[in-house]
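Here's the structure we're looking at; comments come further down.
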Amino acid sequence: SRRRHTRYWRDWSSDVCSSDLAKHDTVGFSEILTPDVVSVTSASAKNVGRALVVKSMADRYRDKPDIIYIRTPDAIAVFAPWGMASERGHWVGRWTDADGKVELGGSYFAKWRLIKGEWFVEGETYVPDHCAGGAFCRTVP
């Protein structure tokens, strides 16, 4: 049912997805992505395919060891007849650069597909709406 899917999703997305991101668990994170996932980052980098999305995250974890991302869903809509759903929410990333702490955040949208009884991210887009701290925030991507 729509209610069951929505409750599962809100708990899963905020707890499990954010947990994998917080733990820098690219393997756990990769398990929810379709092989042909499309991701547009807050810096407008476009990654197509699970391998590139995971590599992008792994590179960030390597370059910014204290980075943490938190994704919080605000709205979820399930279109059960087609096995698709949308997730809209807000996100924040925090890390330390050479010139101090940085916080970047904004809104995101994710498209999910139900494949053989399990939900996978087919696409996601992150749009920044605030940045505080350091030269990072003064550099337009």
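How many of the residues in region 122-136 are over 20 Å from Val53 (Cα atoms) and open to solvent by 60 Å² or more (accessible area, probe 1.4 Å)? Count: 3.
Among the residues of region 111-131, those identified as over 18 Å from Arg60 (Cα atoms) and either in contact with a Lys or Arg (Cβ under 8 Å, 6 or more places away or on another chain) or in contact (Cβ under 8 Å) with a residue 40 or more places away in the chain (or both) are Trp112, Arg113, Ile115, Trp119, Phe120, Val121, Glu122, Gly123.
Candidates Ala110, Ala51, Ala85: the one that is of a type in the set (A, V, I, L, M) and loosely packed, with under 14 Cβ neighbours inside 10 Å is Ala51. Being surrounded by 18 or more Cβ atoms within 10 Å (Cβ to Cβ) and modelled with pLDDT under 95 is a property that holds for Trp119. Being of a type in the set (Phe, Trp, Tyr), in contact (Cβ under 8 Å) with a residue 60 or more places away in the chain and open to solvent by 20 Å² or more (accessible area, probe 1.4 Å) is a property that Phe79 lacks.
Selection within region 90-101: residues that are under 18 Å from the mean Cα position of the chain (by Cα) and in contact (Cβ under 8 Å) with a residue 24 or more places away in the chain. The member of this set that is most open to solvent (accessible area, probe 1.4 Å) is Arg94. Any residue at all in region 61-69 that is closer than 20 Å to Ser30 by Cα, open to solvent by less than 40 Å² (accessible area, probe 1.4 Å), of a type outside the set (Ser, Thr, Tyr) and at pLDDT 95 or above? Within region 61-69, none of the residues are closer than 20 Å to Ser30 by Cα, open to solvent by less than 40 Å² (accessible area, probe 1.4 Å), of a type outside the set (Ser, Thr, Tyr) and at pLDDT 95 or above. Tell me which residues, restricted to region 51-76, are in a strand (DSSP E or B), free of Cβ contacts under 8 Å to residues at least 60 places away in the same chain, in contact with a helix residue (DSSP H, G or I) (Cβ under 6 Å, 6 or more places away or on another chain) and among the hydrophobic types (A, V, I, L, M, F, W, C). Across region 51-76, the qualifying residues are Ile68, Ile70.
For (1) of a type in the set (Asp, Glu); (2) modelled with pLDDT under 95; (3) outside any strand (DSSP E or B); (4) more than 15 Å from Thr34 (Cβ to Cβ), each residue gets a yes or a no:
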{"residue": "Val78", "(1), (2), (3), (4)": "no, no, no, yes"}
{"residue": "Val92", "(1), (2), (3), (4)": "no, no, no, yes"}
{"residue": "Gly106", "(1), (2), (3), (4)": "no, no, no, yes"}
{"residue": "Ala110", "(1), (2), (3), (4)": "no, no, no, no"}
{"residue": "Cys137", "(1), (2), (3), (4)": "no, no, yes, yes"}
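Residues of region 1-48 that are farther than 29 Å from Cys137 by Cβ, at pLDDT 75 or above and open to solvent by 50 Å² or more (accessible area, probe 1.4 Å): Val27, Glu31, Pro35, Asp36.
The values are calculated or read from the model by the stated rules, or taken from the named source; none is laboratory data. From a predicted model like this one, the values you see are computed outputs, not experimental measurements. Backbone-built Cβ (ideal geometry, glycine too); neighbour counts: all protein chains shown. Just the protein is used for accessible areas: all its heavy atoms, side chains included, with ligands, DNA and RNA removed. Shrake-Rupley method; radii C 1.70, N 1.55, O 1.52, S 1.80 Å.
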